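Trainee: Okay, handing you the structure first.
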Amino acid sequence: MAEQIAGLTTYNGPQTPCPCIAGWTGPDGGCAQCVSGKYKNATGDATCTNCVAGQYSTAVSATTNVCQECPADSEAPEASDKHEDCTCNAGSTGPHGGVCLQCVAGKYKSTTGDAACTNCVGGQYSTTIGATSDMCQGCTTNSNGPEASDEQRDCTCNAGWTGPQGGSCIQCVAGKFKSTTGDAVCINCVAGQYSATIGATSDVCQGCLSNSNSPEASNKQTDCICNAGFSGPNGGTCTACVAGRYKDRVGSSECSVCDKGKHAASSGSTLISDCLLCSPGTYAWSDSPSCTACPRNSNSAAGSHTVADCLCNAGSSGPDGGSCTECAQGTYKSG
């Protein structure tokens, strides 16, 4: 009659070697339980079968294949005996034996386990989900992106450069600047200022010298030209037109002389109409700051331009422009 004792099958009668039952293994007469992570579904001295890689079993003395699959995107070594032996694959992360989540774009993980996914560093990006190696790509020249950027558009042009997000960046030309990152256009130096700096990252625009001006976005000092009423070299010192002269345009041209018989009383005159006609009884040479009165007992027409235009009055006699003497008693002069 047969009897089972501690994994052995025995029979009443003459003793003979007994084979190990399912779930146990060893030489006939010396059986040991199959440990967790293994099983044996037949009697005999065959070894216990390992759970394959990617599976585990907590059962002891398993007589059938009770190995369970690790969660998705995780793996376990052969003969694993507990849930925690399942570790997340490269490209995924999570707790041992738990749910594994793929690394999002902008990150990667090259090892198995519960370590966090590694960020692409600043200035790089990656669109790959579940990356198992460093797939991060560099932003285009003169652009940058934040850590863990997940698309090329995260790369924005540096200060001093402009262009579309994720595209080519062009340096701000002289006469412009840009103090922020992004796709904003470079800012012009305002009228009356200039800058020779290329790729300026702040407002380095310099003001023109006094009494000169320049157009918006000027890129050199010689763009500063003298205002009307002032004269001087482009980019240099501008001096006011002296009395008797005027300048009705901007630039480096010289001041113009008022016509004969006219005068400009103040400096910095900007219009030919600032040259005023000399009143009767006065005269002015060209380039004169004021009209000069005729000699005593003489007069001149409006706009006279020489002392010779001063003629002696009635009752006086003398050379034109000279000293006029009153007629002696008993004589007269009517005109």
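Trainee: Restricting attention to the range 31-47, which residues are open to solvent by 20 Å² or more (accessible area, probe 1.4 Å) and either in a loop (DSSP other than H, G, I, E, B) or under 29 Å from residue 110 (Cβ atoms) (or both)?
Mentor: Within the range 31-47, 31, 35, 36, 41, 42, 43, 45, 46, 47 meet the criteria.
Trainee: To continue, here is another question. Any idea which residue in the range 105-115 is farthest from residue 135 (Cα to Cα), counting only those that are assigned to a loop (DSSP other than H, G, I, E, B) and open to solvent by less than 70 Å² (accessible area, probe 1.4 Å)?
Mentor: Out of the qualifying residues, it is 113.
Trainee: Something else: In the range 258-267, how many residues are open to solvent by 20 Å² or more (accessible area, probe 1.4 Å) and either in contact with a Ser or Thr (Cβ under 6 Å, 6 or more places away or on another chain) or assigned to a loop (DSSP other than H, G, I, E, B) (or both)?
Mentor: The qualifying residues number 6.
Trainee: Tell me yes or no: at least one residue of the range 254-271 is within 60 Å of the chain's Cα centre (by Cα), at pLDDT 95 or above and under 30 Å from residue 204 (Cβ atoms).
Mentor: So far as the range 254-271 goes, no, none of its residues is within 60 Å of the chain's Cα centre (by Cα), at pLDDT 95 or above and under 30 Å from residue 204 (Cβ atoms).
Trainee: Would you point out the residue of the range 179-201, among those that are open to solvent by 60 Å² or more (accessible area, probe 1.4 Å) and of a type outside the set (A, V, I, L, M), that is farthest from residue 152 (Cα to Cα)?
Mentor: 197
Trainee: Give the residues of the range 125-179 that are assigned to a strand (DSSP E or B) and not hydrophobic (A, V, I, L, M, F, W, C), sorted by residue number.
Mentor: Within the range 125-179, 125, 137, 138, 143, 144, 149, 156, 162, 171, 176 meet the criteria.
Trainee: Okay, next question. Starting from the range 275-290, take each residue that is buried (at least 17 other Cβ atoms within 10 Å of the Cβ) and of a type in the set (S, T, N, Q) and list its partners that are at pLDDT below 85 and not in a loop (DSSP other than H, G, I, E, B), counting only C-beta distances under 6 angstrom and pairs at least six apart or across chains.
Mentor: So the pair list comes out empty.
Trainee: Considering only residues of the range 50-104 that are β-branched (Val, Ile, Thr) and in a loop (DSSP other than H, G, I, E, B), which is nearest to residue 119 (Cα to Cα)?
Mentor: The selected residue is 104.
Trainee: What residue, of 222, 237, is of a type outside the set (Phe, Trp, Tyr), over 28 Å from residue 302 (Cα atoms) and outside any loop (DSSP other than H, G, I, E, B)?
Mentor: 222
The values are calculated or read from the model by the stated rules, or taken from the named source; none is laboratory data. As the structure is a prediction and not an experimental result, all values here were calculated from the model. Using ideal geometry, Cβ is built from the backbone for each residue, glycine included, and neighbour counts are taken over all protein chains shown. Heavy atoms of the whole protein, side chains included, go into the accessibility calculation; ligands, DNA and RNA do not. Shrake-Rupley method; radii C 1.70, N 1.55, O 1.52, S 1.80 Å.
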